[in-house]
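K.L.:
My questions will all concern the structure given below.
The values are calculated or read from the model by the stated rules, or taken from the named source; none is laboratory data. None of these values were measured; they are calculated from a predicted model. Neighbour counts are summed over all protein chains in view; Cβ atoms, including those assigned to glycine, are modelled from backbone coordinates with ideal geometry. Each accessible area value is taken on the protein alone, full model and side chains, heavy atoms only, with ligands, DNA and RNA left out. Shrake-Rupley method; radii C 1.70, N 1.55, O 1.52, S 1.80 Å.
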Amino acid sequence: MIDRPAYLNAIRPFVGKNIIKVLVGVRRCGKSTLLSLIRNEIIASGADESAVTYLNFESARTARIRTKEELLAYMAERIDPSMKHYAFFDEIQQVTGWEKALAAFMVDYDIDLYVTGSNAHMLSSDLATYITGRYVRIPVFPFSFAEFFDAYKTAHPDANSRTAFSHYLVQGGFPFQTELGFDEAPSLQYLNDVYSTILFKDLVQRNGIRNAEQLELIVRYALQEIGHPFSAKSIADYLKSERRSVSVDTVYGYLNAAEKACLLHRVSREDAVGKRALKFNEKFYAVDHGLREALGYGNASSVDQVLENIVYMELLRRGYDVRIGKIGDKEIDFIARKHDDTQYFQVCYLLASDATVEREFSSLEAVKDNYPKHVLSLDEFPRERNGIKSTNLIDWLLEEQ
């Protein structure tokens, strides 16, 4: 079991508090492991094991608990009202009416609740309706490169960060790779199965989508085109050219479903000077770039796109709200904001030509504020221009936060 201190540190301040801890993330990103780690810590701190309940609603053992009434009845038999109870509900969205059951538990018992789910919109919207202000949402993602490197060194003690990154670039960060020794072929086979499960369980079944083939074409297109601006109309036009007619509304619906399942992340544009949202040519990024490789879209041959994806997801892990910047005819890859902290990022493979240097640095130079500006690349030796420095992307990923 891989320890993930950043997430544990985010959860610990709320342990024992009368607030629901909601862990949200794509399927197989490590939410269940985090529940187990927190449960073990609570028991180790002295909690009576009889006062701790763990239910995984994707297990056959919980097949008879599929409605709020069944969950309420099950817990009523287990909870001693005279003592504090700890409950861990994994993939809670499998229970119809789960949000009303959680609300009842909060009223009726002295209970410390932890839940996970693979549908970000459902969890946040339903909890906001029934338990306003009584929950904290903790996004969970596949391994960052820092986590991947720590795990990779257990299987390959002599590996350095550059060697590990060459594997991360291809295979991504889904945690189960630790069980496979990070071997590429079985890891990619596993990722292909993860993708299929997400597609059919979290998109097709959950949303009642009838045309699964059409859905997969659209999701695959988005994964192939990560980091490239496109619209729902451009996808519809592309499919029409392939003699597969689909409406723009259907494309939007399928992309929204993929976002809710935490598979894709939509990033909007804004004017970097006027801070206005620009409603055209959004970009999508994958929750984990290893899925592209597993589907046959070689990450090494699309390295600029994949590096952008890695940086975008890392900024989300670090708690930033991220936008694409537009300033005149120039584009800034990412504007990242967190509280009073604003930073600008350009991402490229190598600063190998004068034209590349001009493109990456001039976009940041066009922004006249004093917030930090970064050019991230795989160059080993930094450059500087007009006070803006380039940084090795691997070193940036390994910086302690």
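K.L.:
Scan the range 269-278 and tell me whether some residue there is assigned to a loop (DSSP other than H, G, I, E, B), open to solvent by less than 20 Å² (accessible area, probe 1.4 Å) and of a type in the set (Val, Ile, Thr). Outline the logic, then answer.
P.N.:
Here is the first cut: in the range 269-278, the residues assigned to a loop (DSSP other than H, G, I, E, B) are 272-276.
Among the residues that remain, those that are also open to solvent by less than 20 Å² (accessible area, probe 1.4 Å) are: 272.
Imposing the further condition that a residue be of a type in the set (Val, Ile, Thr) reduces the set to none.
Looking for residues that are assigned to a loop (DSSP other than H, G, I, E, B), open to solvent by less than 20 Å² (accessible area, probe 1.4 Å) and of a type in the set (Val, Ile, Thr), one finds none in the range 269-278, hence no.
Residue by residue, here is whether (1) closer than 24 Å to Asp395 by Cβ; (2) touching a residue at least 60 places away in the same chain (Cβ under 8 Å); (3) part of a loop (DSSP other than H, G, I, E, B); (4) over 16 Å from the mean Cα position of the chain (by Cα) holds:
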{"site": "Glu282", "(1), (2), (3), (4)": "no, no, no, yes"}
{"site": "Asp288", "(1), (2), (3), (4)": "yes, yes, yes, no"}
{"site": "Ile310", "(1), (2), (3), (4)": "yes, yes, no, no"}
{"site": "Gly325", "(1), (2), (3), (4)": "yes, no, no, yes"}
{"site": "Asp333", "(1), (2), (3), (4)": "yes, no, no, yes"}
{"site": "Arg337", "(1), (2), (3), (4)": "yes, no, no, yes"}
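K.L.:
Separate question: Taking the range 42-86, which residues are open to solvent by 20 Å² or more (accessible area, probe 1.4 Å), in a helix (DSSP H, G or I) and touching a helix residue (DSSP H, G or I) at 6+ places or on another chain (Cβ under 8 Å)?
P.N.:
Ile43, Glu49, Lys68, Leu72, listed by residue number.
K.L.:
Let me ask something additional. May I ask you to verify whether Phe200 is within 17 Å of the chain's Cα centre (by Cα) and open to solvent by 20 Å² or more (accessible area, probe 1.4 Å)?
P.N.:
On the way: within 17 Å of the chain's Cα centre (by Cα): no; open to solvent by 20 Å² or more (accessible area, probe 1.4 Å): yes.
Considered against the rule, which asks whether it is within 17 Å of the chain's Cα centre (by Cα) and open to solvent by 20 Å² or more (accessible area, probe 1.4 Å), Phe200 comes out as no.
K.L.:
Contact list please: Cβ distance under 9 Å, first residue in the range 65-78 and charged (D, E, K, R), second residue open to solvent by 50 Å² or more (accessible area, probe 1.4 Å), pairs at least six apart or on different chains.
P.N.:
Taking only residues 6 or more apart or on different chains, the pairs are Arg66/Gln94; Arg66/Thr96; Lys68/Thr96; Lys68/Lys100; Glu70/Arg64; Arg78/Ser50.
K.L.:
Consider only pairs whose beta carbons are under 7 Å apart and that are at least six residues apart or on different chains; among these, list those whose first residue lies in the range 373-388 and is open to solvent by 40 Å² or more (accessible area, probe 1.4 Å) and whose second residue is at pLDDT 95 or above and small (Gly, Ala, Ser).
P.N.:
Pro382/Ser390; Arg383/Ser390
K.L.:
Restricting attention to the range 1-41, and to residues there that are free of Cβ contacts under 8 Å to residues at least 40 places away in the same chain and aliphatic (A, V, I, L, M), which single residue is surrounded by the most Cβ atoms within 10 Å (Cβ to Cβ)?
P.N.:
This residue is Leu37.
K.L.:
Could you tell me whether any residue of the range 356-379 is of a type in the set (D, E, K, R) and within 21 Å of the chain's Cα centre (by Cα)?
P.N.:
Taking the range 356-379 as the starting set, the residues that turn out to be of a type in the set (D, E, K, R) are 358-360, 365, 368-369, 373, 379.
Filter once more, keeping what is within 21 Å of the chain's Cα centre (by Cα): none.
Among the residues of the range 356-379, not one is of a type in the set (D, E, K, R) and within 21 Å of the chain's Cα centre (by Cα), which makes the answer no.
K.L.:
So, of the residues in the range 112-153 that are under 30 Å from Leu191 (Cα atoms) and among the aromatic types (Phe, Trp, Tyr), which turns out to be nearest to the chain's Cα centre (by Cα)?
P.N.:
Of everything passing the filter in the range 112-153, Phe141 is nearest to the chain's Cα centre (by Cα).
K.L.:
Here's a follow-up. When both residues are 6+ apart or on different chains and their Cβ atoms are under 9 Å apart, which pairs have a first residue that lies in the range 346-369 and is closer than 15 Å to Lys389 by Cα and in contact (Cβ under 8 Å) with a residue 40 or more places away in the chain, and a second that is assigned to a helix (DSSP H, G or I) and of a type in the set (Asp, Glu)?
P.N.:
Note: pairs meeting the criteria are Val347/Asp304; Val347/Glu308; Val347/Glu360; Cys348/Asp304; Cys348/Glu308; Cys348/Glu360.
K.L.:
In the range 11-22, is there at least one residue being under 23 Å from Ala146 (Cβ atoms), assigned to a helix (DSSP H, G or I) and in contact with a Leu (Cβ under 8 Å, 6 or more places away or on another chain)? Quick ask: steps written out before the conclusion?
P.N.:
In the first step, residues of the range 11-22 are kept if they are under 23 Å from Ala146 (Cβ atoms); the result is 11-13.
Cutting the leftovers down to assigned to a helix (DSSP H, G or I) gives us 11-13.
Next cut, in contact with a Leu (Cβ under 8 Å, 6 or more places away or on another chain) only: 11.
Within the range 11-22, one or more residues are under 23 Å from Ala146 (Cβ atoms), assigned to a helix (DSSP H, G or I) and in contact with a Leu (Cβ under 8 Å, 6 or more places away or on another chain).
K.L.:
In the list Ala258, Ala355, which residue meets the criterion of being closer than 30 Å to Val204 by Cα and part of a helix (DSSP H, G or I)?
P.N.:
On the way: Ala355 fails: closer than 30 Å to Val204 by Cα.
It is Ala258.
K.L.:
Condition (residue is in a loop (DSSP other than H, G, I, E, B), under 21 Å from Asp271 (Cα atoms) and among the aromatic types (Phe, Trp, Tyr)) applied to the range 363-383: is it met by at least one residue?
P.N.:
So far as the range 363-383 goes, yes, one or more of its residues are in a loop (DSSP other than H, G, I, E, B), under 21 Å from Asp271 (Cα atoms) and among the aromatic types (Phe, Trp, Tyr).
K.L.:
If you don't mind, there's one more thing I want to ask. Would you mind finding the one in Tyr221, Tyr238 that is among the aromatic types (Phe, Trp, Tyr), part of a helix (DSSP H, G or I) and open to solvent by 50 Å² or more (accessible area, probe 1.4 Å)?
P.N.:
None of the others qualify; the one that does is Tyr238.
K.L.:
Right, something else. Only one of these is modelled with pLDDT of 95 or more and closer than 21 Å to Asn281 by Cα: Leu191, Leu239, Leu223, Leu169. Name it. Give the derivation first.
P.N.:
Details: Leu191 fails: closer than 21 Å to Asn281 by Cα; Leu239 fails: modelled with pLDDT of 95 or more; Leu169 fails: closer than 21 Å to Asn281 by Cα.
Residue meeting the stated conditions: Leu223.
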